[in-house]
Amino acid sequence: MGIIRIFRNSQEKNLEKSVKKRQRGQQHQQLHLKLQEVEPLTENQHKAFDSGNNLVLHGLAGTGKTFISSYLAYHEIEKGYLNNLVIIRSAVPTRDIGFLPGTDKEKSAVYEEPYKDIATELFARGDAYEIMKQKGLVQFMTTSFIRGITLRDSCIIVDECQNMSFHELDSIITRVGENCRIVFCGDFRQSDLKRNELLGWLKILDRMEEFDFIEFGVDDIVRSDFVKKYIIAKMEIEDES
């Protein structure tokens, strides 16, 4: 009897998941947003597309780390596999601009601009990000407000993670609940963290089978030839010094 009941519970859970998946897909279709088809342009982008694991995408600027992470997240949402995209980043003001004025919501909005641009390109609509945000399909938060929550049925993109403290990174990853995929994006060469602190955190993830590490180099720069030439020149100067 116990075995039969367990089997029925499993069937019920699978049916429930199937219904929720169909409902999520229908909800996305009702928004009249059509995700544009995106093909990987480099070998490392192919690796990211093919991976079914959580990801650590690290490397040079202009290699499309955040862009392809967003595309993969929206694709999962469109298919009904996940509920929403949660974008997390640290909102630490620089010495150049000082502390930003306004409410917490107004301060956070400054950091959302890159993700609005990505959504505009991926959906070919300038209001796509705001529409999805209003419907709860996209949520943006800073590490200041990550405590005490549990993220479920979400794709979580942790952007510019090289500038987060170990405490911030630890706080994020311990918020991950059931049926989530987390992607860390950053350029660890530009880290503001203490080197040992960052390496210690990476060693933890490296011990977990659930993560794939993909390093993006010069050959992966797709933003423009101008950016590629600039980064190559900068790296050559750094090597000479």
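Here, each number is a calculation from the coordinates, and none is a lab measurement. Model, not experiment: these values are computed from the prediction. Cβ placement follows ideal geometry from the backbone for every residue including glycine, while neighbour counts extend to all protein chains displayed.
Numbers for the structure displayed
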| read-out | value |
| --- | --- |
| GluC sites (Glu not before Pro) within the range 127-217: DSSP coil, no more than 13 neighbouring Cβ in 10 Å | E178, E209, E210 |
| The range 48-78 residues near the modelled I237 label - backbone nitrogen below 19 Å, point 7 Å along Cα→Cβ | 60-62 |
| Placed amide H near V86: partners under 5 Å, 5+ positions off or other chain | Q139, C155, I156, I157 |
| Net lengthening on full extension, F166/E197 (0.36 nm per residue, minus Cα-Cα) | 10.5 nm |
| Sequence of H75, H32 once ranked by neighbouring C-beta atoms within 10 Å, starting from the fewest | H32, H75 |
| Under-5 Å amide H pairs with T63, H placed in peptide plane, nonlocal only | V222 |
| Proximal charge balance of K116 [Cβ under 12 Å; K/R count +1, D/E count -1] | -4 |
| Flagged links, alpha-carbon separation over 27 Å, of K135/K203; K116/K228; K133/K234 | K135/K203; K133/K234 |
| For the range 144-154, 3J(HN,Hα) per residue [Karplus equation, 6.51 cos²θ - 1.76 cosθ + 1.60, θ = phi - 60°, Hz, x = Gly/Pro] | 5, 10, 8, 5, x, 10, 10, 9, 10, 6, 10 |
| Centroid-to-centroid separation of the range 119-136 and the range 192-241 [C-alpha atoms, Å] | 29 Å |
| Residues C180, C155, sorted so that the one with the fewest Cβ neighbours within 10 Å comes first | C180, C155 |
| V218-R147 pseudo-label distance in nm [points 7 Å out on the Cα-to-Cβ vector] | 4.5 nm |
| Burial ordering of M141, M208, M132, M164, fewest other beta-carbon atoms within 10 Å first | M208, M141, M132, M164 |
| D225 versus H32: modelled label distance in nm, points set 7 Å from Cα along the beta carbon direction | 4.1 nm |
| Estimated vicinal HN-Hα couplings, Hz - the range 125-134 in sequence order (Karplus 6.51, -1.76, 1.60; Gly, Pro = x) | 9, x, 9, 4, 4, 5, 4, 5, 5, 4 |
